Every structure is written in C-alpha cells, then in structure tokens.
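Enquirer: Below you'll find the structure I mean.
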Amino acid sequence: MADSAQAQKLVYLVTGGCGFLGEHVVRMLLQREPRLGELRVFDRHLGPWLEELKTGPVRVTAIQGDVTEAHEVAAAVAGAHVVIHTAGLVDVFGRASPETIHEVNVQGTRNVIEACVQTGTQFLVYTSSMEVVGPNTKGHPFYRGNEDTLYEAVHRHPYPCSKALAERLVLEANGREVHGGLPLVTCALRPTGIYGEGHQIMRDFYRQGLRLGGWLFRAIPASVEHGRVYVGNVAWMHVLAARELERRAALMGGQVYFCYDGSPYKSYEDFNMEFLGPCGLQLVGARPLLPYWVLVFLAALNALLQWLLRPLVLYAPLLNPYTLAVASTTFTVSTDKAQRHFGYEPLFSWEDSRTRTILWVQAAGSSAQ
Ligand SMILES: NC(=O)c1ccc[n+]([C@@H]2O[C@H](COP(=O)([O-])OP(=O)(O)OC[C@H]3O[C@@H](n4cnc5c(N)ncnc54)[C@H](O)[C@@H]3O)[C@@H](O)[C@H]2O)c1
Ligand SMILES: CC(C)CCC[C@@H](C)[C@H]1CC[C@H]2[C@@H]3[C@H](O)C=C4C[C@@H](O)CC[C@]4(C)[C@H]3CC[C@]12C
C-alpha cells in the first residue's frame, strides 16, 4: 500500500460479513472502495445473497468459519491487507451463556489480532459499541457526549463487558509488529443503537404492533434520549476508516470513534415511531402507561423466570433489568472526531435513512422473512 502502488488492488476481509451491519459493510465496500481487488466474507452462517455478489467485477470469497477457531481465522486473514472485524455475539437478552459471549467477542477478537500479527496484515478496524462506555449500572446520563467525555463506565452484563475487553485488546495491539516487520494499525468504531434495513428488533416491534391491532404502549418517558445511527452511515464509516488507516496511521492508530449521523435525538420508542408510524402503528400515551417501578418489577420477574426455566426452555423476552436500564437512561453522542480524523461525513441524510428504513419495515413486516 505504498505511494508507488496507487493502483494496487487490495484484499479486504470482513468478519461477521453476513450480519446486519456486516452485510452493509460488504455492499458498501463493493460500491465505494475503488482499490478493492478481493473481498473475503467470513461468517459462521453465510447468507444466500452472497451468491449474487460473486458475479461482479470484484472477486468475492465466502468463508464459512468461526472466530473462536484460531486456525480458521488465520487462514482467512492470510494475505489480506485490511480486516474489518464486525463479528460478534450481540446478546443482551440472556440467549447465550456469559462464557459463550466472552468466547466469541473476546477470544474471537484476540484470534483476529493474532492472525494479523502472524500473517502480516497491517490494518484492523474493530466494531465496538457505545456500551463499552455506557449507560452504566448507576443510570448516569451521557448527554450528547463525545470520545473525551468523562463518564463512569461500570459494566456487569456479559455483553458490554465483552465489548469493552475486546476493544481494549484492539487498541493495545496498535503498534505491534506484524510478520514482515511493519506495525499493526488499529482503531475502534463505537456505534450507538444501529437501525436500518435488516434491523430485526425493529421488525419484531412492528409485528408485535400489528398483533396488538396497530397499537404500541409507551413504557419509557419521552425525555430519555437514546442514541441511534443509520446502518448505511455506520458501514460507510467503517469503509472510510479502513481506507484512511494507512495514510493517517499516526493520527488514527489506537483511537476510538463514536458513530454518528443526522438522526434526531429521541427516546428509543419515539425514534422507532419515525418508521413504525408511517407503517400504520400508533404509540399510545404521552407518558408511560405503567409506573417505572412496575417495569422494574416485570423486568426482575422476567430475569427470575429465565433462570428458573433455563433447564427446560429458553425464556428470553426483550424486557429484562439490563435492557430496561439501557432504554431508560439517556445516552447520546455529539462529536465530529471521525470528520476531523478521517474526513467522515454521513453518506445518507436523515430523510434518506428514514425512507429506506420505512420501506424495509413495510416489506419485512409483511413477509415471513
Ligand atoms: N446492532 C447494534 O445496534 C449494534 C450497536 C453497536 C455495536 N454493534 C456491534 O456491531 C457488530 C455487528 O452487530 P450486528 O447488529 O450486525 O449483529 P448480527 O448478529 O446481525 O451480526 C453479527 C454477525 O457475526 C456472526 N458471528 C457471530 N458469532 C460468530 C462466530 N463465532 N464466528 C464467526 N461469525 C460469527 C453472526 O453470524 C452474524 O452474521 C457486533 O460486533 C456488535 O457488537 C451492534
Ligand atoms: C423497555 C422496553 C420498552 C423496550 C426494550 C428495548 C430494548 C430491547 C432496546 C433498547 C435499547 C437497545 C440497545 C441499544 O440500542 C444499543 C445496543 C448496542 C449494541 O452494541 C447492541 C444492541 C443494543 C444493546 C440494543 C439492544 C436492544 C435495546 C436494549
């Protein structure tokens, strides 16, 4: 990737490339990365949509593999110039065990780093999460904060714990010597709640609203702001960061960046209504219909039932003490660090992001997808 090799074609590897975000990163790379020569898509579960990409001008290689298997990761990384590591177990509902979450998110990330070092891959972009910062277990608001805002990050839940540990590994690996003698350059991107085409929780809320005759019931006060960012912009930020890591290694190496765009600051439910409203749903109540303590009680009851039923059946509802805390604690970002460091500007306006998401909810909600 030297000056003389401007026309050199690059090999990119996207782990988790068949997930919600990963698919957008894969498609974005194909559309917007002119130096792309080969795109390797690594995932435990490969999507059938990959087949259609194989007919284009860029070589697309689908690799079924597990990030917890070091040899599979090393084989996929060998010869790649850039790795975008989005693979992760996103579970805040208690579906997977804490050990499994740790294994995939922490050991999987360690395997990716070691594979880069062993095989000589120099550039690594890691998909972190806002949750490496918060909301914390004390319910402190993070109001339009940035990467330098002081905040007491206290993690107990396995998912944010694992993302925080993995992010630290990635940042600490910056500067390590990779095979061939060059330094590894890493950075971490921290999306807030991602929305857009492929967002399964949004689709689930839509279907639930349809089942309830078109009504959803407000649970969280409208004054609680929850950060959201459009998936296309998060993908674009990954592509840009990966592209600029080489040229701006000294500035970007070892840095974290919140993902942001022009999406409005709203409560989780009011934000969802931006899409579900035009799809025919209504949110009942200007204020929460149930007192907060009732929600706390129901969330605790769900956690107890999950624990009691675990030997028999997996009971993993959306409401639990952790998701209630996340949804009811203000956490929003306001920053321009990605713009200053690597020239990021959102590719999709809020209007565009909204329209694309509405069209997807309408299509996905009515199909058996
Ligand atoms: N969805 C959000 O709101 C959000 C917000 C912040 C950060 N993130 C982060 O973004 C990344 C992608 O999240 P997503 O929402 O697209 O989730 P997702 O579940 O849709 O995608 C994750 C992908 O990783 C793959 N994967 C899981 N375990 C694997 C393993 N052991 N080996 C190989 N592949 C494996 C899955 O098959 C899946 O395709 C994650 O790292 C997540 O922590 C997501
Ligand atoms: C209390 C109920 C009314 C609603 C419950 C909503 C709950 C399922 C939602 C609220 C906030 C959501 C999380 C948030 O957008 C950010 C992230 C970060 C990311 O790394 C993984 C997904 C996650 C945890 C969202 C999961 C769903 C949450 C908790």
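Enquirer: Are any residues in region 69-109 touching a residue at least 60 places away in the same chain (Cβ under 8 Å), among the β-branched types (Val, Ile, Thr) and under 30 Å from Tyr322 (Cα atoms), and if so, which ones?
Expert: The answer is Ile84, Thr86, Val90, Val92, Ile101, Val106, Thr109.
Enquirer: Quick one: which residue in Arg354, Arg340 is in a helix (DSSP H, G or I), open to solvent by 60 Å² or more (accessible area, probe 1.4 Å) and in contact with a Phe, Trp or Tyr (Cβ under 9 Å, 6 or more places away or on another chain)?
Expert: Arg354
Enquirer: Could you list, in sequence order, all residues of region 286-306 that are without any contact (Cβ under 8 Å) to a residue 24 or more places away in the chain and more than 11 Å from Asn320 (Cβ to Cβ)?
Expert: Of everything in region 286-306, those that are without any contact (Cβ under 8 Å) to a residue 24 or more places away in the chain and more than 11 Å from Asn320 (Cβ to Cβ) turn out to be Pro291, Trp293, Val294, Phe297.
Enquirer: Mind listing just one residue for me: the one in region 212-243 that is basic (Lys, Arg) and either without any contact (Cβ under 8 Å) to a residue 40 or more places away in the chain or away from ligand 1 (no atom under 16 Å from the Cβ) (or both) and, of those, farthest from Phe342 (Cα to Cα)?
Expert: Per the criteria, the residue is Arg218.
Enquirer: Is one or more of the residues making up region 280-303 within 26 Å of the chain's Cα centre (by Cα), part of a helix (DSSP H, G or I) and closer than 30 Å to Ile84 by Cβ?
Expert: For region 280-303, residues within 26 Å of the chain's Cα centre (by Cα), part of a helix (DSSP H, G or I) and closer than 30 Å to Ile84 by Cβ: absent.
Enquirer: Here's something else I'd like to know. Failed condition for Gly232, given (1) more than 15 Å from ligand 2 (Cβ to nearest atom); (2) under 23 Å from Phe331 (Cα atoms); (3) part of a helix (DSSP H, G or I); (4) open to solvent by 10 Å² or more (accessible area, probe 1.4 Å), with all others met?
Expert: Against the list (1) more than 15 Å from ligand 2 (Cβ to nearest atom); (2) under 23 Å from Phe331 (Cα atoms); (3) part of a helix (DSSP H, G or I); (4) open to solvent by 10 Å² or more (accessible area, probe 1.4 Å), Gly232 comes up short only on (4).
Enquirer: Quick check on Leu314: is it at pLDDT 95 or above and in a helix (DSSP H, G or I)?
Expert: No.
Enquirer: Which one of these is open to solvent by 20 Å² or more (accessible area, probe 1.4 Å) and either over 30 Å from Leu295 (Cα atoms) or not polar (S, T, N, Q) (or both): His238, His226, His179?
Expert: Going through His238, His226, His179 in turn, the sole match is His179.
Enquirer: Related question: Restricting the first residue to region 115-129 and requiring it to be more than 20 Å from Gly65 (Cα to Cα), which pairs with a second residue that is of a type in the set (Asp, Glu) and within 16 Å of ligand 1 (Cβ to nearest atom) meet a Cβ separation below 6 Å and a spacing of at least six or different chains?
Expert: What qualifies is Ser128/Glu167.
Enquirer: Still on this structure, I have one more. Look through Ala87, Ala75 and report the one residue that is assigned to a loop (DSSP other than H, G, I, E, B) and either under 21 Å from Glu38 (Cβ atoms) or touching a strand residue (DSSP E or B) at 6+ places or on another chain (Cβ under 6 Å) (or both).
Expert: Just a single option satisfies the conditions, and that option is Ala87.
Enquirer: Of the residues Val361, Val333, only one is within 21 Å of the chain's Cα centre (by Cα), within 13 Å of ligand 2 (Cβ to nearest atom), aliphatic (A, V, I, L, M) and closer than 20 Å to Glu274 by Cα; which?
Expert: When all the criteria are applied, what remains is Val333.
Enquirer: What about Trp307, is it open to solvent by 40 Å² or more (accessible area, probe 1.4 Å), in a helix (DSSP H, G or I) and farther than 23 Å from Glu131 by Cβ?
Expert: Here the answer is no, as Trp307 does not meet what is asked.
Enquirer: Filtering region 140-153 down to residues that are open to solvent by 40 Å² or more (accessible area, probe 1.4 Å) and not hydroxyl-bearing (Ser, Thr, Tyr), which residue is modelled with the lowest pLDDT?
Expert: Looking at residues that are open to solvent by 40 Å² or more (accessible area, probe 1.4 Å) and not hydroxyl-bearing (Ser, Thr, Tyr), I get Ala153.
Enquirer: Now for a separate question. In region 320-339, is there at least one residue being closer than 30 Å to Glu244 by Cβ and touching a Leu at 6+ places or on another chain (Cβ under 9 Å)?
Expert: Checked region 320-339: at least one residue is closer than 30 Å to Glu244 by Cβ and touching a Leu at 6+ places or on another chain (Cβ under 9 Å).
Enquirer: Name, by its number, the condition in (1) surrounded by 14 or more Cβ atoms within 10 Å (Cβ to Cβ); (2) over 22 Å from Arg207 (Cα atoms) that does not hold for Arg247.
Expert: (1)
Enquirer: Among the residues of region 176-204, what is the count of those that are more than 14 Å from ligand 1 (Cβ to nearest atom) and not hydroxyl-bearing (Ser, Thr, Tyr)?
Expert: Number of matching residues: 11.
Enquirer: Also: State which residue pairs qualify: first residue away from ligand 2 (no atom under 15 Å from the Cβ) and inside region 244-272, second residue among the hydrophobic types (A, V, I, L, M, F, W, C) and assigned to a loop (DSSP other than H, G, I, E, B) in any location, beta carbons under 7 Å apart, and separation of 6 or more residues or different chains.
Expert: Partner pairs satisfying both residue conditions: Glu246/Met1; Met252/Leu245.
Enquirer: Among the residues that make up region 252-264, is at least one of them in a helix (DSSP H, G or I), open to solvent by less than 30 Å² (accessible area, probe 1.4 Å) and touching a strand residue (DSSP E or B) at 6+ places or on another chain (Cβ under 6 Å)?
Expert: Checked against the condition, which is being in a helix (DSSP H, G or I), open to solvent by less than 30 Å² (accessible area, probe 1.4 Å) and touching a strand residue (DSSP E or B) at 6+ places or on another chain (Cβ under 6 Å), region 252-264 yields at least one hit.
Enquirer: Identify all residues within region 145-166 that are within 16 Å of Tyr257 (Cα to Cα) and away from ligand 2 (no atom under 16 Å from the Cβ); write none if there are none.
Expert: Result: Asn146, Glu147, Asp148, Thr149, Leu150.
The values are calculated or read from the model by the stated rules, or taken from the named source; none is laboratory data. Every value quoted in this text rests on a predicted model; they were computed, and no experiment measured them. For neighbour counting, all protein chains shown are included, and Cβ atoms are generated from backbone atoms with ideal geometry for every residue, glycine included. Keep in mind that these areas ignore ligands, DNA and RNA; they rest on the heavy atoms of the full protein, side chains included. Shrake-Rupley method; radii C 1.70, N 1.55, O 1.52, S 1.80 Å.
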